[in-house]
Each structure stands twice: as C-alpha cells, then as structure tokens.
Amino acid sequence: MQGLLDRKLIVVTGKGGVGKTTIAGAVGLAAASRGARTLIVDLTGASARLRGIFASQTDPSPRIAPADADVPVRLAESLWSASIDPDKALLEWMQSLGGRVPARLLASKSSFQYFAAAAPGGKELVSMVKVCELAGLTGAGRFEVVVLDAPATGHALAMLAAPSTFASIAKVGPIAAAAQNIQAILQDPALTGYLAVAQASEMSVSETLELQHELSEQLGVDLAGVVVNATMHRRFTGEELERIASLRGQEQVSPRSRLAAAAAAAAHAAHARTRFQHNQVARLRRHGLSVVQVPFVFQSDLDLPALERIAERLGQTL
C-alpha cells in the first residue's frame, strides 16, 4: 500500500496552535531522509522558524533572512524550505495573462485590489498552481516531494476548494485549464496525501473530524492520517493510583505528609489529563482515522535533535 511519504504532494493542516509547522518540518525531514529531494513550503512565512531550527546547529544566534518564494533555502541534505507570497503569486500570474495590460498598471495597488476582488479565491488557486509546479506536477519541478504547510483548517479548505470553484465557473481558457489540472491533482490519491495535525483536546479533535468530513464532501478524498501532537504518556498502573489516592487528604498532619499529599494531587491531575487525552485519541480512531501520537517535548524551544526524533517516529508510521 502506498504510504504518505510516497506522494508527490503532502498537505499538512490543522487547528491553529497545534504545532502544524513543526509536524510539517518533521514530515519533510522524514521524506528527505529517504533520499527524496524535498521542499517544505508555506504561505505565511512560517518556514522562517524551521530555518532557525536548522541554522541554530551551526550558529547559536542565527540571523534569519526573509523567505523568498523564488529562492528555496537549503536546510539539510535533500531538504529545502520556501514561502509563497499569495499576493505576489497572483500578481505574477495576472501579468502572464495580461497580454497588452502593462505590468505597471497591474502592480498598482488599486488595480491589483480590483482584479483580486473580481476573482475571489484567485490567490488560493494561484498559490496551489505554484505549489504543484514546485512538485513537478504541472511541469519540470525541482523537487520529488513537496510538503505544504497549509493554513489552518478553515483557510486550508477554502484554498483546496478554489480550483473546483474556478473549474465550475471558467469552462475554457488558461484559467479553466489551470483550475481543472490542479483539481485533478488534489483529487488523485496517488499524487496527493492529506495529513491533519491535532492536539488531544475536544475542540482540536472536533475540528479534525470536520476536516475529514469536508475533504470527503468537497474533494472526495480521505485523510491519510492524523498526528496528535504533544500527548502525555500514561505513567501509573492501577495499583499505583490506589497508593496515590491513599496519600491525598493528609495536608494537616505533618510537613512531610503535606508534601506527599501535594505530590499525590499533582500525580492525580497528570493522570486525569492523560486519560482525557487518550479518550480524545479514541474519538479519532472511532471515525476510522489512522493516528500517530507525538509525545510532549519538555523543553522551552524545539531544537533539531527533537525535530529529528519526531521525524524518525513519523517516518516509521506514515
């Protein structure tokens, strides 16, 4: 069976704040470790954080230059990153289709806003055209695998739906051809895979299940899997929990017993949190989703060794 890392385009999305960029970086690193020329690309400039993680290995205080969509930055062997500016991509595409319309006119703020407003979803469509070009799906691309660090769930769904919307409106011409081509790529499970990132919270899991539903309804595709980030391990057996429970409620006996009671309360809270997280993971699995859990990293800033450990875990399961 074809794995996620065998696809040409891997779309990573999820609720904001769940560690989506970290997981996209780890997926890219896992693909590159197999020898595939891999690009991690985003639409928001988030790749600067990844470049900082890799640069910190050689320079403790790296100066991170702004990303340039046209100049991918090499992170490691077989791995690059880049950011696409949707406004710039749309402007370049409009200029390529503009014929006799002067580039100076298109580049003016008022003209650009007029054209952009006349084609809602245009920036999303053109961004996907650019991503597919980089993956070699619409031409001679430079990379064998492109990992798209997509926007958060709602915006990602709008971006993925844009080709279908344009294809239903524009029947002929270059815009119609591009929209139909990108739509076919996004709906081909042999070329494109979709990975959700979540945390084990009720809201994040609910949003992931909504993503699963919308991908099926809008594109007729399934999620290849869900990475549940920052999960906690079960630390106590049933017997240990009983012993912990016996220590609670002793706050007034002695300083030592008060300390034991405080430790017991902390242990009970940690267990309750872990149990809640595992219940949320079970919700995902009940909906037929393949789940990979990434443990919580107990450090203030993610470094490259931690990212490599996550990449190794994902590479074994995706």
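Quick notes on this one:
- Efficiency of FRET from Cβ geometry, Phe276 and Glu217, R₀ 30 Å, rounded to 0.05: 0.50
- Spin-label model distance (nm) - Ala176 vs Met203, 7 Å beyond Cα toward Cβ: 4.4 nm
- Links that overshoot a 19 Å alpha carbon limit, given the list Lys88/Lys130; Lys8/Lys88; Lys15/Lys130: Lys8/Lys88; Lys15/Lys130
- Legend: calculated FRET efficiency, Glu242 to Glu312, from the Cβ-Cβ distance at R0 = 35 Å, rounded to 0.05, equals 0.45.
- When you count the other C-beta atoms within 10 angstrom of each residue and take the mean per peptide, 264-271, 123-130, 192-199, 204-211 line up highest first as 192-199, 123-130, 204-211, 264-271.
- Distance from the C-alpha centroid of the range 264-290 to that of the range 298-318: 21 Å, rounded to the whole angstrom.
Only the coordinates and a few stated rules stand behind these numbers; no lab work does. Note that this is a predicted model, so its numbers are computed, not measured. All Cβ positions, glycine included, derive from the backbone under ideal geometry; neighbour counts span all protein chains shown.
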